[in-house]
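*Asks:* Got a structure here, written out as structure tokens. Questions coming.
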Amino acid sequence: MNAPLQTPARVKHVKHQAQTSLAALWKPALKQAFVKLDPRQLVRSPVMLVVELTAILTTVLCFIPHPAVSLGLGVQIALWLWFTVLFANFAEAMAEGRGKARADSLKAGSQGLTARRRVAENQYQAVAASQLRKGDIVRVEAGELIPGDGEVIEGIAAVNEAAITGEPAPVIRESGGDRSAVTGNTRVVSDWLLVKITSNPGESTLDRMIALVEGAKRQKTPNEVALDILLIGLTLIFLLVVATLQPFARFAGGDLPLVYLAALLVTLIPTTIGGLLSAIGIAGMDRLVRLNVIAKSGRAVEAAGDVHTLLLDKTGTITFGNRRCSFMVMAPGVDAQTLAEASLLASSADDTAEGKSIVEYLRSSSALQLPPQSEIKAIPFSAETRLSGADWQGRSYRKGAVDAVLNYLNLGRDGLPAPLAREVEKIAQSGGTPLLVAGEGRLLGAIHLKDVVKPGIRERFAELRTLGIRTVMVTGDNPLTAAAIAAEAGVDDLIAEATPEKKLQRIRSEQAEGKLVAMCGDGANDAPALAQADVGLAMNDGTQAAREAANLVDLDSDPTKLLDVVQVGKELLVTRGALTTFSVANDVAKYFAILPALFAGIYPQLGALDIMQLHSPQSAILSAIVFNALIIIALIPLALRGVRVKALDAASLLRRNLLIYGLGGIIAPFIGIKLIDLLLVALGLV
Amino acid sequence: MQVQDYWLILAFFVLVLAPASFLGRFFFNAMEGKRNLLSPLLLPVERLCYRISGVDPERDQDWKTYSLALLAFSAVSLVVLFSILVLQHLLPLNPQQLPGLEWTLAFNTAVSFVTNTNWQAYSGEAALSYFSQMIGLGVQNFVSPAVGLAILVAFARGIARKSSNGIGNFWVDMTRATLYVLLPFCVLLAIFLVWQGVPQTFMDYVQAKSLLGADQTIPLGPAASQIAIKQLGTNGGGFFGVNSAHPFENPTAWSNLFEVASIILIPAALVFTFGHYVKDLRQSRAILASMLILFVAGLALTLWAEQQPNPALAALPIEQVGSLEGKEARFGTVASALWAVTTTAASNGSVNAMHDSFSALGGLLPMFNMMLGEVVFGGVGAGLYGMLLFVLIAVFLAGLMIGRTPEYLGKKLEAREVRLLVATLLVMPVGVLVFCALAVSLDGPAASITNPGAHGFSQALYAYTSGTANNGSAFGGFGANTPFHNLMIGLAMLLGRFGYILPILAIAGSLAAKKRAPVGQNSFPTHGPLFVTLLTLTILLVGGLTFLPALALGPIAEHLSMFQGF
């Protein structure tokens, strides 16, 4: 596992970008709202297509006067029906805008890009990047952009991937090993690379990013398709309800104006969710893109919300990559100051992460001063002595593994004082690594090096547990060490001495129980497991094999992202469910507004159903249709942001959301329609 | 209400609910071929049935084979019954020399009994021979609820099984449903009814002189056995024209109590049978709770409505004790209201009072019960599978709100299931709204309506609702026996039956093939008060949103005009 490239600076960078984009986006979105009126585009959102057709019908009806409907009212109804479609289009355009702005800037960079394609050994031909096919081999020199996703087959170079990842520091890419994958549109800043292209035009990371956030090309996720069918079903039911009202009314000796029926239809069909469904999907993907995670399909994101089990690599996800000094134990008769000074000197020249962590630990706990560098003679680690340290003023300070230090002091295993021996034993049993420190020829104490669990990860796992997700730690450590870390991190289960086969087997057995499994990985040997998992997150700086097998790629190569992906998946589903429930619940109030108005001429006694006491039949119908349009605008921020998923068990989560969106959905329109009615009357519009 | 009214209602609920849990397990064991109380007696009969018909009881069918078997069975039933009705004058057991039925009436009646609707556009004693009643209708009274039960257990298997192709064997399910579930109870109830005075005879009608000296024909027949299965099998087709309002069909207070309770005896128990299939009785309790809420609410409202004095008569110097018009004086308002709600909650359709003469609200509730798709207990099997569809809809609508794609008992609901669900959702609007719109806009068919205005509209709406919901109860006052209505209501009944059954079997097949995700803390909780509320509201919302406009033009307008003096 490679250490994550992420730095605090980059996070700030992304935030900044998101803020500027929102403010700058609404103008183009407004224009897009009109472009999207094209029925060919609206077909993707059948509910809104019905609204548009109804809007066209009502517009035509404005020219065919009906005795009960004034021209002014007819025009207003037609206008608000058009607004309903436009608002929904606007929502989608806003959602697209954010992701697209970034994708567009990337796309601009790739236009006119040429590549040197190898035609024979040492013979290259310049071709347009867009003509490159899978399997082509190109040579990229310092200063040039890599023309497509691929795998380094020769050479080593520093590559700046800022365009894709936002990370300004160049990374090393070389052939073989785990750092051989390169991404299109990233710049080689030193040396040269021979790259084998691994994606056809339209399949690259960049293309995928664009496809995820573009409404017209986006592939709907499976649950979205299912929801769409339900919405079409509800639309059909209401179409039948409204269409049969005219014959029923005629039987009762009345006649209903077609415009009113059109208005009733649009208020009843689920326009709120129908209008925002696409925006919710795009915004969900955009949240992923902003997390620097590329999904190869929306399916994987949805599956992330459903995951039962997370397989997490210990190193890099649960713990920091390296062991760190956590505390020190003095040998009998040694004072703390002596041990601290000796440890500091012994580690002062040690460049390894462990050595640095000892210095850090000592500096943070006491105000020790190192003597000037020039006075210290560094003794680097050697395979022969298995010790490292320094000599200062003729005195030697060494640290190393227990046996090595005892050897250095010419002591046997039993030369270790009993209290210290007990401590050393304890450290080993807790999964840590004990080091001994010697100075001026005598044993001074022991250092506890341990895997340090990332701060906050325990709480994160507890949250996941309340959401019903089990975490399994995967590590190559022996079972004893692994169990200690697992207990500290609070994971539910662990796989110790893990091999790729063991991982794959675990995934299969979980899946056989009907569970969905998510994991992340980067090595070539992770590829089968990544492919088998329902959600596989590959690290961008990993191997091409892993990137191809996974269904998500993290551009930052931060395995902790898996937790964020799960969160995004859940938010996506909850937002969809909440707005669907809200939309259907809204219909109750709309009936109470429209039905009495509609039948006022036939059965005036139905006025008893007008519990909102609206001003007149005309204002009742107009208020309902205005509310129906405005609620879409009002909910755009929620659709784009997504409903936050609190760490609660399913029953509490359901109760909370049902109260807000179900009960709220029943009550809100009663208030909203009444207010709009008052406003319309005050403005003299009815 | 008087003391005996409270006792009646209490006795009704005790009779229905007390044995439900025990019977539910018994039905489960019987349907799955496990040893049960009646095995020693009936197992040899069951084996004999398989041997004669060449059925291999071990062979599972996938949903397509199961559906084909069902369709073939129903088609044959339809043709045979149609032929019997048209040709009854050529067949034996016709002491009154009744002629064969006109073909549209025969079609309507055949469809009606094959689909477990028992809509009767004819009057039993005036039109049908004993042969038609016993061999024609009687057989369907048994097999049509057996089909409903078969579909239910097939659906339950679909939910309970994992990664499986089969959903059971139609022929086996039919045999067991008839032998173990319907027959034994029918025998018991028939004997009870004979004891209470219901005729069971092949004798000719009796010619008598009335006290006024007029000639009178008193119809008789093998009634008790018919009536038992008509109640237990949620059939509802009376032996006599006025159904259980007739003194021979429902002679005493005891017969009334047992007849009304036996309407939902089996449907209530089947809720527990389902719980045994999915190995989770909490699901049963949640579904039963939702059914009871809807039932009790409907009953309370109807009782209240029927107790109200009629405002039109308020000015007259008479004392009004509830609304007694159109009700059998022997039963009074409470027993009539209880029956009306029960028979429409279940898709039974037998009546002991004319719903046409109920108050407007009292007539609305039975109609609304049917519009919900007969899911409040509902027909044998049919009620619960309809209810389960609502469970799936509730789960799909709100299930996303826990941040997971919707699943019921570990089975994911995906595009295919939703498509089939939507198909079933369209059945009621098409059968009720579209067909009724057609009927009221054509001059000829509209002439069957015998009242003007809102009440007249209720008559037509009720007839098409009753047909599509496979209920079969009649509002009264609607001249249903015309070729147009015979054919259209016949089509509505076919749509209401097979429009549900085929999608349900397809859903069963699709769910059976799926893996079953472990049900745990993060699963959508489909039990407990929260889910009961959600389910109940979903049913009311779907039913209400679809039918509120039509109801507004019928019973609601009538009710309001009566009380506002329009």
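The values are calculated or read from the model by the stated rules, or taken from the named source; none is laboratory data. Remember, it's a predicted structure, so these values are computed and weren't measured experimentally. We place every Cβ from the backbone using ideal geometry, glycine too, and count neighbours over all the protein chains shown.
*Asks:* Report yes if some residue within segment B:495-511 is at the interface with chain A (Cβ under 9 Å from one of its Cβ atoms) and either of a type in the set (D, E, K, R) or touching a Gly at 6+ places or on another chain (Cβ under 7 Å) (or both); otherwise report no. Before you say what the answer is, go through the steps one by one.
*Replies:* Initially, segment B:495-511 is screened for residues at the interface with chain A (Cβ under 9 Å from one of its Cβ atoms), giving none.
Looking for residues that are at the interface with chain A (Cβ under 9 Å from one of its Cβ atoms) and either of a type in the set (D, E, K, R) or touching a Gly at 6+ places or on another chain (Cβ under 7 Å) (or both), one finds none in segment B:495-511, hence no.
*Asks:* Ok, one more. Between A:Ala585, A:Ala600, which is without any contact (Cβ under 8 Å) to a residue 40 or more places away in the chain, closer than 30 Å to A:Gln246 by Cβ and within 14 Å of chain B (Cβ to nearest Cβ)?
*Replies:* On the way: A:Ala585 fails: without any contact (Cβ under 8 Å) to a residue 40 or more places away in the chain.
Answer to the selection: A:Ala600.
*Asks:* Let me ask something additional. A:Arg547 versus (1) in contact with a helix residue (DSSP H, G or I) (Cβ under 7 Å, 6 or more places away or on another chain); (2) part of a helix (DSSP H, G or I); (3) surrounded by 22 or more Cβ atoms within 10 Å (Cβ to Cβ): which is the lone unmet condition?
*Replies:* Against the list (1) in contact with a helix residue (DSSP H, G or I) (Cβ under 7 Å, 6 or more places away or on another chain); (2) part of a helix (DSSP H, G or I); (3) surrounded by 22 or more Cβ atoms within 10 Å (Cβ to Cβ), A:Arg547 comes up short only on (1).
*Asks:* Of B:Ile227, B:Ile263, which residue is crowded, with 22+ Cβ neighbours inside 10 Å, at pLDDT 90 or above and closer than 20 Å to B:Tyr130 by Cα? Please lay out each step first, then the result.
*Replies:* Working: B:Ile263 fails: closer than 20 Å to B:Tyr130 by Cα.
The unique qualifying residue is B:Ile227.
*Asks:* Any idea which of B:Gly322, B:Gly378, B:Gly363 is outside any loop (DSSP other than H, G, I, E, B) and away from every other protein chain (no Cβ under 14 Å)?
*Replies:* Values: B:Gly322 fails: outside any loop (DSSP other than H, G, I, E, B); B:Gly378 fails: outside any loop (DSSP other than H, G, I, E, B).
Answer to the check: B:Gly363.
*Asks:* Let me ask something else. Quick check on this structure: which one of A:Val329, A:Val334, A:Val307 is touching a residue at least 24 places away in the same chain (Cβ under 8 Å) and either of a type in the set (Phe, Trp, Tyr) or within 14 Å of A:Gly432 (Cα to Cα) (or both)?
*Replies:* Numbers: A:Val334 fails: either of a type in the set (Phe, Trp, Tyr) or within 14 Å of A:Gly432 (Cα to Cα) (or both); A:Val307 fails: either of a type in the set (Phe, Trp, Tyr) or within 14 Å of A:Gly432 (Cα to Cα) (or both).
Matching residue, one of A:Val329, A:Val334, A:Val307: A:Val329.
*Asks:* Check whether at least one residue in segment B:63-79 is closer than 29 Å to B:Trp171 by Cα, free of Cβ contacts under 8 Å to residues at least 12 places away in the same chain and not in a helix (DSSP H, G or I), and report yes or no.
*Replies:* No, every residue in segment B:63-79 fails to be closer than 29 Å to B:Trp171 by Cα, free of Cβ contacts under 8 Å to residues at least 12 places away in the same chain and not in a helix (DSSP H, G or I).
*Asks:* Here is a further query. What is the residue count in segment A:452-489 for residues that are over 25 Å from the mean Cα position of the chain (by Cα), in a loop (DSSP other than H, G, I, E, B) and either of a type in the set (Asp, Glu) or over 19 Å from A:Gly521 (Cα atoms) (or both)?
*Replies:* Within segment A:452-489, residues that are over 25 Å from the mean Cα position of the chain (by Cα), in a loop (DSSP other than H, G, I, E, B) and either of a type in the set (Asp, Glu) or over 19 Å from A:Gly521 (Cα atoms) (or both) number 2.
*Asks:* Tell me, which helices (runs of 4 or more DSSP H) lie completely within segment A:243-362 with 3 or more residues that are among the polar types (S, T, N, Q)? Break it down into steps so the answer makes sense when it comes.
*Replies:* Numbers: elements: A:258-268, A:271-290, A:298-306, A:336-348.
Qualifying helices (runs of 4 or more DSSP H): A:271-290, A:336-348.
*Asks:* Moving to a separate point now. Hey, B:Gly453 hits all of (1) within 14 Å of another protein chain (Cβ to nearest Cβ); (2) under 26 Å from B:Ile393 (Cα atoms) but one; which does it fall short on?
*Replies:* (2)
*Asks:* Which numbered condition trips up A:Val266, out of (1) within 14 Å of chain B (Cβ to nearest Cβ); (2) modelled with pLDDT of 95 or more?
*Replies:* (1)
*Asks:* Please find, within segment B:516-560, the residue that is nearest to B:Glu407 (Cα to Cα) out of those that are at the interface with chain A (Cβ under 7 Å from one of its Cβ atoms), under 26 Å from the mean Cα position of the chain (by Cα) and without any contact (Cβ under 8 Å) to a residue 24 or more places away in the chain.
*Replies:* B:Leu541
*Asks:* Right, A:Gly476: touching a Lys or Arg at 6+ places or on another chain (Cβ under 9 Å), under 30 Å from A:Lys570 (Cβ atoms) and modelled with pLDDT under 85 or not? Give the derivation first.
*Replies:* Details: touching a Lys or Arg at 6+ places or on another chain (Cβ under 9 Å): yes; under 30 Å from A:Lys570 (Cβ atoms): no; modelled with pLDDT under 85: yes.
It is false that A:Gly476 is touching a Lys or Arg at 6+ places or on another chain (Cβ under 9 Å), under 30 Å from A:Lys570 (Cβ atoms) and modelled with pLDDT under 85.
*Asks:* Hey, another quick one. Please go through segment B:453-497 and give me each residue that is of a type in the set (Val, Ile, Thr) and part of a helix (DSSP H, G or I), ordered by number.
*Replies:* Those that are of a type in the set (Val, Ile, Thr) and part of a helix (DSSP H, G or I): B:Thr465, B:Thr468, B:Ile489.
*Asks:* Right, something else. Taking A:Ala578, is it within 14 Å of another protein chain (Cβ to nearest Cβ), over 15 Å from A:Pro669 (Cβ atoms) and either surrounded by fewer than 22 Cβ atoms within 10 Å (Cβ to Cβ) or in contact (Cβ under 8 Å) with a residue 24 or more places away in the chain (or both)? Full working, then the answer.
*Replies:* On the way: within 14 Å of another protein chain (Cβ to nearest Cβ): yes; over 15 Å from A:Pro669 (Cβ atoms): yes; either surrounded by fewer than 22 Cβ atoms within 10 Å (Cβ to Cβ) or in contact (Cβ under 8 Å) with a residue 24 or more places away in the chain (or both): yes.
Against the criterion (within 14 Å of another protein chain (Cβ to nearest Cβ), over 15 Å from A:Pro669 (Cβ atoms) and either surrounded by fewer than 22 Cβ atoms within 10 Å (Cβ to Cβ) or in contact (Cβ under 8 Å) with a residue 24 or more places away in the chain (or both)), A:Ala578 qualifies.
*Asks:* Next question. Only one of these is over 47 Å from the mean Cα position of the chain (by Cα), surrounded by fewer than 12 Cβ atoms within 10 Å (Cβ to Cβ) and at pLDDT 85 or above: A:Ala438, A:Ala418. Name it.
*Replies:* Working: A:Ala438 fails: surrounded by fewer than 12 Cβ atoms within 10 Å (Cβ to Cβ).
Just one listed residue meets the conditions, A:Ala418.
*Asks:* State yes or no: is B:Val334 outside any loop (DSSP other than H, G, I, E, B), more than 19 Å from B:Gln459 (Cα to Cα) and modelled with pLDDT of 85 or more?
*Replies:* Details: outside any loop (DSSP other than H, G, I, E, B): yes; more than 19 Å from B:Gln459 (Cα to Cα): yes; modelled with pLDDT of 85 or more: yes.
Judged against the criteria, B:Val334 is a match.
*Asks:* For the structure I just gave you, tell me whether A:Lys196 is within 13 Å of another protein chain (Cβ to nearest Cβ) and closer than 30 Å to A:Gln544 by Cβ.
*Replies:* no
*Asks:* While we're looking at this one, here's another question. Take the residues of segment B:98-137 that are part of a helix (DSSP H, G or I) and aromatic (Phe, Trp, Tyr): which is surrounded by the fewest Cβ atoms within 10 Å (Cβ to Cβ)?
*Replies:* Initial filter on segment B:98-137 (part of a helix (DSSP H, G or I)): B:103-114, B:124-127, B:130-137.
Going one step further and asking which of them are aromatic (Phe, Trp, Tyr), we end up with B:103, B:107, B:113, B:130-131.
Details: B:Trp103: 14, B:Phe107: 21, B:Phe113: 28, B:Tyr130: 23, B:Phe131: 18.
Checking each candidate, the answer is B:Trp103.
*Asks:* Inside segment B:262-312, can you point out the residues that are more than 17 Å from B:Gly363 (Cβ to Cβ) and not in a helix (DSSP H, G or I)? It would help to see each step written out before you state the result.
*Replies:* Within segment B:262-312, the subset more than 17 Å from B:Gly363 (Cβ to Cβ) is B:262-296.
Scanning segment B:262-312 gives B:Val278, B:Lys279, B:Asp280.
*Asks:* Name the one entry in B:Ala346, B:Ala394, B:Ala398, B:Ala329 that is touching a helix residue (DSSP H, G or I) at 6+ places or on another chain (Cβ under 6 Å) and either away from chain A (no Cβ under 14 Å) or surrounded by fewer than 22 Cβ atoms within 10 Å (Cβ to Cβ) (or both).
*Replies:* Numbers: B:Ala394 fails: either away from chain A (no Cβ under 14 Å) or surrounded by fewer than 22 Cβ atoms within 10 Å (Cβ to Cβ) (or both); B:Ala398 fails: either away from chain A (no Cβ under 14 Å) or surrounded by fewer than 22 Cβ atoms within 10 Å (Cβ to Cβ) (or both); B:Ala329 fails: touching a helix residue (DSSP H, G or I) at 6+ places or on another chain (Cβ under 6 Å).
Answer to the selection: B:Ala346.
*Asks:* Quick check on segment B:461-468. Is at least one of its residues touching a residue at least 12 places away in the same chain (Cβ under 8 Å) and over 16 Å from B:Pro366 (Cα atoms)? Even if it seems obvious, please write down each step before you answer.
*Replies:* Applying the first criterion (touching a residue at least 12 places away in the same chain (Cβ under 8 Å)) to segment B:461-468 yields B:461-468.
Now restrict to residues that are over 16 Å from B:Pro366 (Cα atoms): none.
No, every residue in segment B:461-468 fails to be touching a residue at least 12 places away in the same chain (Cβ under 8 Å) and over 16 Å from B:Pro366 (Cα atoms).
*Asks:* Output the residues belonging to segment B:85-97 that are surrounded by 22 or more Cβ atoms within 10 Å (Cβ to Cβ) and closer than 23 Å to B:Leu494 by Cα.
*Replies:* Taking segment B:85-97 as the starting set, the residues that turn out to be surrounded by 22 or more Cβ atoms within 10 Å (Cβ to Cβ) are B:85, B:88.
The one that is surrounded by 22 or more Cβ atoms within 10 Å (Cβ to Cβ) and closer than 23 Å to B:Leu494 by Cα: B:Leu85.
*Asks:* Is there a residue in segment B:195-208 that is of a type in the set (Ser, Thr, Tyr) and part of a helix (DSSP H, G or I)?
*Replies:* Keep residues of segment B:195-208 that are of a type in the set (Ser, Thr, Tyr), which gives B:201, B:205.
From the residues that got through so far, the ones that are part of a helix (DSSP H, G or I) too are none.
Within segment B:195-208, not a single residue is of a type in the set (Ser, Thr, Tyr) and part of a helix (DSSP H, G or I).
*Asks:* Here is a further query. For B:Gly472, indicate whether it is modelled with pLDDT of 95 or more, farther than 30 Å from A:Asp649 by Cβ and surrounded by 21 or more Cβ atoms within 10 Å (Cβ to Cβ). Before the answer, list the steps.
*Replies:* On the way: modelled with pLDDT of 95 or more: no; farther than 30 Å from A:Asp649 by Cβ: yes; surrounded by 21 or more Cβ atoms within 10 Å (Cβ to Cβ): yes.
Spelling it out, it is not the case that B:Gly472 is modelled with pLDDT of 95 or more, farther than 30 Å from A:Asp649 by Cβ and surrounded by 21 or more Cβ atoms within 10 Å (Cβ to Cβ).
*Asks:* Quick one: in segment A:421-451, of everything that is polar (S, T, N, Q) and not in a helix (DSSP H, G or I), which residue is nearest to A:Arg386 (Cα to Cα)?
*Replies:* That would be A:Thr433.
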